[in-house]
Amino acid sequence: MRRVILLDNEAVQALADPAHPKHRRAVSHTQVAVSRKARAIPVSIAVPTAVRVEAGWDRTAPGWAFLNRLRIADIVLDRSHADAAAALRTRTRVSVADAHLGAAIQAADQVTVVTSDPADMRLVAGGKPVVVVVL
Amino acid sequence: MVDEQVIDRINELLDSVDPETVNTSMRIPSALRDAAALAVSELEVAPSTTVLTANALRAALEAAVMQAVLDRHYEEYPESRPTLADLAIAAAEIDGHPLADDPGLLIRSAAEVQQRHPEAGPEDVLLWAEARATAAA
């Protein structure tokens, strides 16, 4: 079963900026995922597009080249994710980005979320089993 | 150091949605071809040997290009390179392993494992730490 590692805004910022105090920690999770992928263990790293908006991650901007080259996939806010995120936001009053993270968590098989806000992640996960890594 | 343009070109090709296919003259061991055919027909690992081969090649290329990106980053920012202990903690956290809550044990275990096995990986450290925790219980 494929594990997807989701990044929240803080995780994106930490991974993107070598001067960020949590940069090496964010790189560690990426390195583990890449090493597992090299051993044919199914794992991917992804970011919901609403998180990308919150983080200011513009894939066309040169400043984001490092993250772009790491093949971190977009989870697009399509119709089903928008519906799920809207329902979550109505119910929990979390941010749009966190609601999209919640929709992505609920749609995944095995999921780990790297976040600075574990309480909100558990809230949006609902009853879905999720591994929460506090950055 | 791998050229950024090479990395970008490989990524561009991997992201391509061009449905065009090509016959290649790639030579593979016939036993491997037969094993793949058998795995497809009897184990249903993929719809066809072509899909099986393409998926495996894609996964290997993705891992290789991502590692090349990280290696470039470590050369430019040496302080960003994780230690074995960092990796062991990250591996435990990703899996939700109970030892993720005991980073001190993982740091000590990484130091012990690395002393005797400099090429050890984070999963080796986790195994050693788990054995130590079990023995101490």
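Go through the range B:16-46 and report how many residues are open to solvent by less than 100 Å² (accessible area, probe 1.4 Å) and within 30 Å of A:Leu67 (Cβ to Cβ).
The number of residues fulfilling the criteria is 2.
Filter the range A:113-134 down to residues that are open to solvent by less than 20 Å² (accessible area, probe 1.4 Å) and within 14 Å of chain B (Cβ to nearest Cβ) and give me whichever is nearest to B:Asp102 (Cα to Cα).
A:Val133
Among all residue pairs at least 6 apart or on different chains, which show Cβ distances below 9 Å where the first residue, located in the range A:98-112, is open to solvent by 10 Å² or more (accessible area, probe 1.4 Å) and the second is of a type in the set (Lys, Arg) and assigned to a helix (DSSP H, G or I)?
If the second residue must be of a type in the set (Lys, Arg) and assigned to a helix (DSSP H, G or I), the pairs left are A:Asp98/A:Arg89.
Could you tell me whether the range A:10-19 includes any residue that is among the polar types (S, T, N, Q), closer than 26 Å to B:Leu84 by Cβ and open to solvent by 40 Å² or more (accessible area, probe 1.4 Å)?
yes
Name the residue that is surrounded by the fewest Cβ atoms within 10 Å (Cβ to Cβ), counting only residues in the range B:70-80 that are part of a helix (DSSP H, G or I) and at the interface with chain A (Cβ under 9 Å from one of its Cβ atoms).
B:Glu79
Taking the range B:86-137, which residues are acidic (Asp, Glu) and outside any helix (DSSP H, G or I)?
Correct list: B:Asp102, B:Glu119.
Tell me, which residue of the range B:81-137 that is within 14 Å of chain A (Cβ to nearest Cβ) and exposed (fewer than 14 other Cβ atoms within 10 Å of the Cβ) is farthest from A:Val111 (Cα to Cα)?
The extreme case among them is B:Glu119.
Here are some conditions: (1) β-branched (Val, Ile, Thr); (2) within 14 Å of chain B (Cβ to nearest Cβ); (3) under 22 Å from A:Ser116 (Cβ atoms); (4) free of Cβ contacts under 8 Å to residues at least 60 places away in the same chain. A:Val53 meets all but one. Which one does it not meet?
The one condition A:Val53 does not meet is (2).
Provide a single number: the residues in the range A:66-76 that are open to solvent by 30 Å² or more (accessible area, probe 1.4 Å) and within 14 Å of chain B (Cβ to nearest Cβ).
6
Report, by residue number, each residue of the range A:86-127 that is out of contact with any helix residue (DSSP H, G or I) (no Cβ under 7 Å at 6 or more places or on another chain), in a helix (DSSP H, G or I) and among the charged types (D, E, K, R).
Result: A:Arg91, A:Arg122.
The values are calculated or read from the model by the stated rules, or taken from the named source; none is laboratory data. Please read all numbers here as calculations on a predicted model, not as lab measurements. Note: ideal-geometry Cβ built from the backbone for every residue, glycine included; neighbour counts use all protein chains shown. Note: areas computed on protein heavy atoms with side chains; ligands, DNA, RNA excluded. Shrake-Rupley method; radii C 1.70, N 1.55, O 1.52, S 1.80 Å.
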